[in-house]
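Since the structure comes first, as structure tokens, the remarks are kept for the end.
Only the coordinates and a few stated rules stand behind these numbers; no lab work does. From a predicted model like this one, the values you see are computed outputs, not experimental measurements. With ideal geometry, Cβ positions are generated from the backbone for all residues, glycine too; neighbour counts draw on all protein chains shown.
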Amino acid sequence: MVVKNVIEGGVEQVDLSTQCRDVEIRAVSIANTTTDGKGYDITLRRTGTGDDIGGIKIVISNGTAFSEPKEFGVALEPLETQTRTVTFTNGVTDPNKMELTVYFINDLGEVQICPITIDEEF
């Protein structure tokens with residue numbers, strides 16, 4: 001039974017890595033919507049195909065200050081572009097980098113975060 005669990009766990013990791021590699025997300029734009037650096041209109045485009053994703057987490061930074069991870073608010077379909085207003089608790093002045101992390105929801109309803117982070121610089 002222990003060997004079976006180890007093998008199944010390894011297969012799940014391989015499947016997740018394959019799923020993550022097949023998803024291509026690009027940041028199209030980021031625009032500050034507030035004076036305190038906490039609100040941004042962020043536009044993302046999913047250029048790849050692959051499986052349905054659970055969602056996307058975003059972190060913005062300016063090289064020294066980093067926001068907390070925030071949910072983009074919509075799971076992009078293949079070839080879809082969406083703009084969402086994302087409000088961060090801690091503001092970042094003049095961000096020039098965005099980190100995007102895709103995640104999937106497995107059959108048990110658990111979040112599986114991709115080990116691959118997409119870095120976009122502006």
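At a glance:
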item: Highest-MSF residue in the chain out of V92, V59, V111 [GNM, Cα springs under 10 Å]; result: V111
item: Highest-fluctuation residue, I105, I42, I56 considered, GNM on the chain with Cα pairs under 10 Å; result: I105
item: Degrees separating the helix 2-22 axis from the principal Cα axis of the chain, which is the longest one; result: 40
item: Those GluC sites (Glu not before Pro) in the stretch 26-122 that DSSP places in a loop and that have at most 11 other beta carbons within 10 Å; result: E110
item: The stretch 70-122 versus the stretch 48-67: alpha-carbon centroid distance in Å; result: 3
item: Lysine pair number, Cα distance threshold 30 Å (strictly under), the stretch 2-121, separation 8 or more or different chains; result: 6
item: (1) 68; (2) 53; (3) 63, with the label sought being that of the calculated percent of Cα pairs over 18 Å apart; result: (2)
item: Cα-projected label distance for R21 with I113, points at 7 Å along beta-carbon direction, nm; result: 2.2
item: MRE, 222 nm, helices only [DSSP H, n ≥ 4, -39500 (n - 2.57), over the chain, to nearest 500]; result: -6000 deg cm²/dmol
item: Most fluctuating residue given options D51, D94, D15, as computed from a GNM of the chain linking Cα atoms under 10 Å; result: D15
item: Computed FRET value (nearest 0.05) for T47 with N90, which takes r as the C-beta separation and R₀ as 35 Å; result: 0.70
item: Radius 9 Å from Cβ of S61, net charge of other residues (Lys, Arg +1; Asp, Glu -1); result: 0
